[in-house]
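Okay, so here's the structure we're looking at.
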Ligand SMILES: Nc1ncnc2c1ncn2[C@@H]1O[C@H](COP(=O)(O)OP(=O)(O)O)[C@@H](O)[C@H]1O
Ligand SMILES: [Mg+2]
């Protein structure tokens, strides 16, 4: 297990900067997600940490020791990819044993370690099968087993659940999180799925355009986004953004309010945030219904538990608690203090 320090890391490909001086400190045993849209540099940063890509500037340290120039095999990190490349001609047992054999570990220790990993991941009954005879979820579990069997200092996972179907993906989130707690291993988990990052992580590093936007625990990122990008990327359906001048304020301010914080309310002037608009759509979504409301030529999303008594086309007053209304600098996107 190790802590990881990423200090002013720059990565350029053929003079094109992809990472613009990132700083991050990941604690020993922490579960950190790199979250951001496709192309923002998540995989590049992960491969720089693994040593598969050389950095163009800055330092990468393990336990505060500069590892920037060390070869991948000297960093003692394990990687799990989306397409869990297992060796097709080897049994599950030999796949899991492979990293230990490469290190020259004795066969008795290998057998014990494979049993430990198999039991922990629930694949003991599958040890003599070939990868082709496993389901996607089982293969992903074997790939994780192969990664953790040699007790790596850190487990680096690049969108490991993206190829699984939806229900299995949700199940594997819990399994990976449980495994990480049991092992106490430092995990960096790359994903573009904000919900995945929210439910799994101790802290989330939100990235955009090769820059770190915010690094904080999930509820801080959700409730106190550092800027408009983070506010819009985290949460589903996404936050509504309205021009401040349309709300009787300044055009230099963008106002944000999440659909889950906004719903039909009374018209009394009680200091709560208020929007008036026309109800154009009601979408049942299980525990709540989503409402599309046209406000000043823009569609605003709100929620309501029960839509009884609401009629399409009617004028609706939406309310939100004042502390759930966000303000951003319209030019820079930086979060402004709440009113
Ligand atoms: N080997 C490479 N050569 C040139 N550009 C690359 C290379 N690998 C990645 N990039 C570019 O770096 C940026 C970040 O890519 P990547 O780290 O894969 O993003 P993410 O994993 O967040 O989707 C993208 O613009 C991508 O095109
Ligand atoms: Mg990627």
Problem - 254, 315 arranged by Cβ crowding within 10 Å, fewest neighbours leading - result: 315, 254
Problem - Rounded to 10°, Cα long-axis angle of helix 92-102 versus longest principal axis of the chain - result: 70
Exercise for the section: Identify which of 153, 108, 78 has the largest mean-square fluctuation in a Gaussian network model of the chain, with springs joining Cα atoms closer than 10 Å. Expected result: 108
Handout entry: 10 Å-binned pair-distance histogram of the chain (Cα, whole percent)
Key = 5, 22, 26, 21, 15, 9, 3, 0
Exercise for the section: Evaluate E = 1/(1 + (r/R0)^6) for residue 54 and residue 294, where r is the Cβ-Cβ distance and R0 equals 51 Å; express this FRET efficiency to the nearest 0.05. Expected result: 0.45
Handout entry: Net length gained if the chain between residue 171 and residue 115 were fully extended (0.36 nm per residue, minus Cα distance)
Key = 17.9 nm
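For Cα pairs less than 8 Å apart in space and 6+ apart in sequence, what is the mean separation divided by the residue count of the chain, i.e. the relative contact order in percent? Each step should come with its number before you reach the end.
On the way: 679 pairs, mean separation 56.2, N = 339.
Value for the chain: 17 percent.
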Problem - More than 18 angstrom apart: percent of Cα pairs within the range 260-339 - result: 46
Practice task
Pick out which of 242, 312, 179 has the largest mean-square fluctuation in a Gaussian network model of the chain, springs linking Cα atoms closer than 10 Å.
Solution key: 312
Exercise for the section: Please give the helix 136-148 orientation as an angle from the longest Cα principal axis of the chain, in degrees from 0 to 90, rounded to the nearest 10. Expected result: 60
Problem - Order of 228, 173, 73, 211 - criterion: other Cβ atoms within 10 Å of each residue's Cβ, fewest first - result: 73, 211, 173, 228
Problem - Highest-fluctuation residue, 230, 304, 80 considered, GNM on the chain with Cα pairs under 10 Å - result: 304
Practice task
As a check on your grasp of the helix formula, calculate [θ] at 222 nm for the chain: sum -39500 (n - 2.57) over DSSP H runs of n ≥ 4, divide by the residue count, round to the nearest 500.
Solution key: -7500 deg cm²/dmol
Handout entry: Net lengthening on full extension, residue 310/residue 66 (0.36 nm per residue, minus Cα-Cα)
Key = 81.7 nm
Problem - Orientation-averaged projected area, Cα convex hull of the range 172-230 (nm²) - result: 4.2
Practice task
Round to the nearest 10 and give me the degree value, 0 to 90, for the angle of helix 107-121's Cα axis relative to the longest principal axis of the chain.
Solution key: 20
Fill in the blank from the handout: Counting only DSSP beta bridges with both partners in the chain, the antiparallel fraction in percent, to the nearest 5, comes to 75
Problem - Residues 295, 105 arranged by fewest to most Cβ contacts within 10 Å - result: 105, 295
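Taken together, the values in this text are just the output of simple stated rules run on the coordinates, not laboratory data. Please read all numbers here as calculations on a predicted model, not as lab measurements. Note that we place each Cβ from the backbone using ideal geometry, even for glycine, and neighbour counts take in every protein chain shown.
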